[in-house]
Structure formats: structure tokens, C-alpha cells
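One structure is given below, encoded as C-alpha cells.
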Amino acid sequence: MSRNRKRLVLLVSLIMVVLLLDQISKQWIIDNLYRGETIEPIPVLSDYFQLTYSQNNGAAFGFLPQAGDLFLVIAIFVVIALIIYYPRIPDEAIITRIATALVCGGALGNVVDRVRHEHVVDFIHYQIPGIISNVSNIADHAIVFGVLLILLDSWLLERNAQKQKKDNVIITAPDTNSEHDNHI
């Protein structure tokens, strides 16, 4: 199997894993909870982590709730752009390859929701009492984690390139043992 074919198989496989995990978890929430209902899967963490069925018409954190169709189109364009860019990812950027698949899978997970339900199903409810409360889903987490991995890999690759460049610089000092210097 060619290198490009292996890369494509990796991309499609990881996208499908993220998409399936996302859609299966969302369907479980739809089948088992009413909108707004909360359960505490780990009672000792109930102040910080719960499952709450929520419907999001906008972007992350409910931003721009009337722009759901716009986010659907943006997500599709981002996925297409990432898939077109994917073959150009350098060989050494393995983390970026995986992260790109995570972002694509997450974006497609939320696209499927917008098409099927006209909203995104959120349910992973994190909170720090008195500071923040956020309800999201596996697709959102895949996108955020993927973007963070891309940034990390970019930083690591740049750091390695600078180190190699520094290691390849040869500093030459004047030759103090030449015959010319001895005759002066």
C-alpha cells in the first residue's frame, strides 16, 4: 500500500471513529434524557461533572444562536479545506495528521446534528462552581483537542528545525598555528 493511501486510510478511519463515538453518545442522550435533564454518572464529581441534555443552535458556548446554518456551511468548508491540505502535511508531522482527523471528525459530528436535528446535541457538562459552566459534546472535544495538538506539533516541529539549524552551523575560528603567523 502506498504512503498516500496509508495516510488516507488513517484520515478516514480516525474521522469515522470520532463521528461514530460522537453520534452514538448523542443518540444515547436523546434516548435516555429529557431536554434539560441532568444525571450524575460519578456522584463524587457531581459538583464538577454531570451529563445534561442540551440543544445548541449556535456556536460554542451558545454564541450566535440564530446562525446555525452559517456554522453548518463553515464546518463543511473547513473539513473540505483540511482534507485538501492533508496530503501536504509533512512526513514528520504525525501528530498534525491525527489532529486533523480529530478536527474533521468533530466538525462532521456537529454537521450531522445540524442536518438531523437542526441543532447540536450537547451533554458533557463541566462546571467550576461560581466560575464557569459549559455543556459540550464529544465532537466539540475532538475539535478542541485536535486544534491544541496541531499547535503543539507545530511548536515542536519548529523547535526541532531551529535546533537542527543551530547544530548545522559551523563556527570557524582563525587558525593560530599557521606558518604565516609564526614568521611575523
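The values are calculated or read from the model by the stated rules, or taken from the named source; none is laboratory data. Predicted model, so just to flag it, every value in this text is computed and none were measured. Cβ atoms come from the backbone with ideal geometry, glycine included; neighbour counts cover every protein chain shown. SASA here: full protein model, heavy atoms, side chains in, ligands and nucleic acids out. Shrake-Rupley method; radii C 1.70, N 1.55, O 1.52, S 1.80 Å.
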For this session: Give me the percent of the accessible area of the chain that comes from carbon and sulfur atoms, probe 1.4 Å, all protein chains in place.
Result: 64
Exercise. How many nm separate the modelled label positions at Y48 and I84, each set 7 Å beyond the Cα in the direction of the Cβ?
Worked result: 4.3
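Round to the nearest 0.05 the FRET efficiency obtained for V17 and N168 when R0 = 30 Å and r is the Cβ-Cβ distance.
0.15
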For this session: Order these peptides, 86-99, 27-40, by their mean beta-carbon neighbour count within 10 angstrom, highest first.
Result: 86-99, 27-40
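Over region 66-125, with the other protein chains present, what is the accessible area per residue in square angstrom, probe 1.4 angstrom?
On the way: 2940 Å² over 60 residues.
About 49 Å² of surface per residue is accessible.
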Exercise. Which ³J(HN,Hα) values in Hz, rounded to whole numbers, follow from the phi angles of region 150-162 under the Karplus curve 6.51 cos²θ - 1.76 cosθ + 1.60, where θ = phi - 60° and Gly and Pro get x?
Worked result: 4, 4, 4, 5, 4, 5, 5, 5, 5, 4, 5, 5, 5
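Rounded, prolate or oblate: which fits region 101-164 when a ≥ b ≥ c are the square roots of the eigenvalues of the alpha-carbon gyration tensor, with rounded for a/c under 1.5 and prolate only if a/b beats b/c?
Values: a/c = 5.41, a/b = 1.66, b/c = 3.26.
Since a/c reaches 1.5 but b/c is at least a/b, the shape of region 101-164 is classed as oblate.
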Seminar exercise, completed: Looks like region 66-130, by Cα gyration tensor root eigenvalues a ≥ b ≥ c and the a/c under 1.5 rounded cutoff (else prolate when a/b is bigger than b/c, oblate otherwise), is oblate
Seminar exercise, completed: Placing each pseudo-label 7 Å from Cα in the direction of the beta carbon, L151 and D31 end up separated by a distance in nanometres of 3.7
For this session: Please work out whether region 1-126 counts as rounded, prolate or oblate from its C-alpha gyration tensor, where a ≥ b ≥ c are the square roots of the eigenvalues and a/c under 1.5 means rounded, while otherwise a/b larger than b/c means prolate and anything else oblate?
Result: prolate
Problem set entry | Signed unit charges on C-beta, dipole axis of region 12-143, positive-most listed residue A81, G105, I124 | A81
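Normalised by the residues of the chain, what does the relative contact order come to in percent, with Cα pairs under 8 Å and at least six apart? Kindly include the intermediate steps, with their values, before the conclusion.
On the way: 231 pairs, mean separation 47.9, N = 184.
This gives 26 percent for the chain.
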Problem set entry | Sequence ranges 108-118, 123-133, ranked by mean other-Cβ count within 10 angstrom, highest first | 108-118, 123-133
Exercise. Between E92 and I39, 0.36 nm times their residue separation minus their Cα-Cα distance comes to what?
Worked result: 14.8 nm
For this session: Give, as ranges by residue number, the residues of region 14-40 whose backbone N falls under 13 Å from the point 7 Å along Cα→Cβ of M1.
Result: 14
